[in-house]
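Input: a single structure, listed below in structure tokens.
The values are calculated or read from the model by the stated rules, or taken from the named source; none is laboratory data. Just so you know, these numbers come straight off a predicted model, no measurement behind them. Neighbour counts are summed over all protein chains in view; Cβ atoms, including those assigned to glycine, are modelled from backbone coordinates with ideal geometry.
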């Protein structure tokens, strides 16, 4: 089962975990990406995420399908937030369940790394002394 969500409301780790829980899975990995308070020594006030929704969802689904095939993942859940996020807010969640733990870790790592490279999501970093649009996943 694949669960893909691009939301403008707060993300909940339990929602992702609920989607991947399986009696067939011996390993479940959850990645939680949060908004930190600095970037390269500059104090971050908040972030604003935007996405090209149809393509972002399509690319996230491709990532999940590849992870399911390559690592025999029973379930893959990818949730990403858009809109304004404050320090500590969750920006991205990825949960993967597989028959064995090593595959679960590998599939989750693949999913976040590939998401950062291919999914059309952009962020504006708002600092105490200015702001800048950057690729959310350079």
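Which condition breaks for residue 27 when tested against (1) crowded, with 17+ Cβ neighbours inside 10 Å; (2) closer than 24 Å to residue 87 by Cα?
Every condition holds for residue 27 apart from (2).
So that you can scan it fast, the table gives a plain yes or no per residue for (1) over 23 Å from residue 122 (Cα atoms); (2) out of contact with any helix residue (DSSP H, G or I) (no Cβ under 7 Å at 6 or more places or on another chain); (3) crowded, with 17+ Cβ neighbours inside 10 Å:
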site: 15; (1), (2), (3): yes, yes, no
site: 56; (1), (2), (3): no, yes, yes
site: 62; (1), (2), (3): no, yes, no
site: 72; (1), (2), (3): yes, no, no
site: 79; (1), (2), (3): no, no, yes
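Of the conditions (1) closer than 20 Å to residue 5 by Cα; (2) assigned to a strand (DSSP E or B), residue 133 fails just one. Which one is it?
(1)
Of the conditions (1) assigned to a strand (DSSP E or B); (2) within 12 Å of the chain's Cα centre (by Cα), residue 97 clears all except one; give me its number.
Looking at each condition in turn, residue 97 falls short on (2).
I want to confirm something. Restricting to the range 30-45 and keeping residues that are over 18 Å from the mean Cα position of the chain (by Cα), assigned to a strand (DSSP E or B) and in contact (Cβ under 8 Å) with a residue 24 or more places away in the chain, which single residue is surrounded by the most Cβ atoms within 10 Å (Cβ to Cβ)? Quick ask: steps written out before the conclusion?
Narrowing the range 30-45 to residues over 18 Å from the mean Cα position of the chain (by Cα): 37-45.
Remaining after also requiring assigned to a strand (DSSP E or B): 38-39, 42-45.
Add one more test, that the residue is in contact (Cβ under 8 Å) with a residue 24 or more places away in the chain, and what stays is 39, 42-45.
Numbers: 39: 13, 42: 14, 43: 11, 44: 18, 45: 14.
Only one residue fits best here, namely 44.
Taking the condition surrounded by 14 or more Cβ atoms within 10 Å (Cβ to Cβ), over 16 Å from the mean Cα position of the chain (by Cα), outside any helix (DSSP H, G or I) and at pLDDT 95 or above, does residue 22 pass? Show your work before the answer.
On the way: surrounded by 14 or more Cβ atoms within 10 Å (Cβ to Cβ): yes; over 16 Å from the mean Cα position of the chain (by Cα): yes; outside any helix (DSSP H, G or I): yes; at pLDDT 95 or above: no.
Answer is no for this residue.
Among the residues of the range 110-120 satisfying the criterion of being under 11 Å from the mean Cα position of the chain (by Cα) and either free of Cβ contacts under 8 Å to residues at least 12 places away in the same chain or not in a helix (DSSP H, G or I) (or both), which is surrounded by the most Cβ atoms within 10 Å (Cβ to Cβ)?
Per the stated criteria, the residue is 119.
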